[in-house]
1. What ³J(HN,Hα) values, in whole Hz, does the Karplus curve 6.51 cos²θ - 1.76 cosθ + 1.60 give for region 44-49 when θ = phi - 60°, with x put for Gly and Pro?
2. Counting Lys and Arg as +1 and Asp and Glu as -1, what is the net charge of the other residues whose Cβ lies under 15 Å from the Cβ of Ser43?
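Here, each number is a calculation from the coordinates, and none is a lab measurement. The structure presented is a predicted model; accordingly, all values stated were derived computationally and were not measured. Every residue, glycine among them, receives a Cβ derived from its backbone with ideal geometry; neighbour counts consider all protein chains shown.
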Amino acid sequence: MKRSGVADFRIHDFRHTMATRLLRETGNPMLVQKNLDHASLASTARYMHVLDKEVTDARAKVTTYRTGPEVVMFPNKKEAKGT
């Protein structure tokens, strides 16, 4: 570390990096929990780092979904036939 000029680094920091990247790739905190072999999701949460931009982007997706065209799950017979 001295030769590389990296300061304030611990091998354990790799677990934080892996947990954050796995969360970003999968979006599944339970998968991260299993990968880190934690008994509780609260422990895993300390390892997963979420950026403010990621929160903003997720909110925008939900807003777009909620304000988008309505989805008709069970159209009545007239609508289904296009009349």
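1. 5, 4, 5, 9, 8, 9
2. Details: positive: Arg15, Lys34, Arg46; negative: Asp37.
Value of the local net charge: +2.
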